[in-house]
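Have a look at the structure below before the remarks.
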Amino acid sequence: MEVPLKSPQAPDLNAARMSSKLPGILTHVYSMVLVLVSILLLAFKSTAFNSYMDQTDDGKVTTTVVWPGHGLGDYIQLYPYELFPVVQGPVIAAASVGLITSLAVAALSTWALRSRRVLKLNQTQRLMVLAVLCANALLATIVMIFELVQRGRSIHFDPEYRMTESAAYDKGPFTLEIWTCEAPVYVSSFERYGLRKQCVGERASLCLLIVMWVFSSAMLGCLAWDMRSAQSIVTAKKRAVDWEDDGWD
């Protein structure tokens, strides 16, 4: 009985295929999570921003409410004297780019997993894909750092502070998130003006921005890993064909 000989140099293609599945699956999972996170980020940030704009007539006016025993003459304005600029552009841009990028990656990874085929890309195409994902992760990083720095510069609400010149709380600068989350705890009159909606929207968008940064970075790493694994399989297949042509059985 003859035992078929196998070259010790021939690669184990099955093992290569198995090892290549993990980065592809992780890339697919991360891209789908990033799609959901980006959509939620757009929704929460837009809700908070639109609520603020409606409440202040596009930032032009503010409301004065009663705060018995506090404030200036028992009155306090709905927003502080120093409020960091309320903008949604950077967050919306990061979320939009993240959504488009993750949708594209999810579509490609779904096709690759369902068809069980390796998506062959040349060196230029691989570099272009990685550059797009790097830009996506970099944008998320910049916006996240900007939001966290502003949050770190904000002071916190002190119910014992007494305004001396106007009904606007003038102890220091606030972000919209910290003001709308802390002030209504002490000023019950704020409850009827929808500040809680702004608090939830701003705080949720900050948390989602951090999550988006994490998954954008993870998706970039897994896709680079997946491309490297796929290239190894293509190279192994090519070598196997060359060995068969040389007489290896």
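The values are calculated or read from the model by the stated rules, or taken from the named source; none is laboratory data. These figures come from a predicted structure and were not determined experimentally. No Cβ is skipped: glycine too gets one built from the backbone with ideal geometry, and neighbour counts run over all protein chains shown. Quick note on the areas: whole protein, heavy atoms, side chains included, nothing else; ligands and nucleic acids left out. Shrake-Rupley method; radii C 1.70, N 1.55, O 1.52, S 1.80 Å.
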Problem set entry | Exposure of SER188 as accessible area (Å², to 10), given a probe of 1.4 Å and all protein chains | 90 Å²
For this session: First compute the accessible area of region 48-162 with a 1.4 Å probe, then give the percent of it belonging to carbon and sulfur atoms.
Result: 61 percent
Exercise. Going through region 158-227, which trypsin sites (Lys or Arg not before Pro) have at most 16 other Cβ atoms within 10 Å and a DSSP loop state?
Worked result: ARG162, LYS171
Exercise. For ARG114 and ASP170, what does the FRET efficiency come to when R0 = 51 Å and r is the distance between their Cβ atoms, rounded to the nearest 0.05?
Worked result: 0.25
